[in-house]
1. Net charge around C83, counting only other residues with Cβ within less than 9 Å of its Cβ (Lys, Arg = +1; Asp, Glu = -1)?
2. Accessible area of the chain with a 1.4 Å probe: how many percent of it is carbon plus sulfur?
3. Measuring with a 1.4 Å probe in the full set of protein chains, what accessible area per residue, in whole Å², belongs to the chain?
4. Run down the lysines and flag those whose C-alpha is under 17 Å from the C-alpha of K8, throwing out any fewer than 8 positions away in its chain.
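The values are calculated or read from the model by the stated rules, or taken from the named source; none is laboratory data. What you are looking at is a predicted structure, and each value in this text was computed from that prediction instead of being measured. Cβ sites come from the backbone with ideal geometry, for glycine too, and all protein chains shown count toward neighbours. Side chains included, ligands, DNA and RNA excluded: accessible areas come from the protein's heavy atoms. Shrake-Rupley method; radii C 1.70, N 1.55, O 1.52, S 1.80 Å.
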Amino acid sequence: IRNMLALKAAVIRNGKRRTLEGDSLVPGDIVLLEAGDKVPADLRLLRSHGLAIQESLLTGESLPVEKHIKAVSEDAGLGDRECL
């Protein structure tokens, strides 16, 4: 999994945009994703538009999974948590 993660991440930390190493992200960082980016960590989505993530290496899904910001049930399985 470590090799699949992004080496760099565009984030907003303390109100300032910066580029950080993916392994230096901390809770509270707001990660900015653009088309083609690798996702640098487990994230909760705050805003998105037409976001689909290729999760095949983790889940075996053959097609990208559409993501949204709607909350899901607390007991939803990991594969059903489309806001994360």
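1. Cβ neighbours under 9 Å give a net charge of +3.
2. 52 percent
3. 82 Å²
4. The reachable lysines, counting only those whose Cα sits under 17 Å from K8, are K16, K38.
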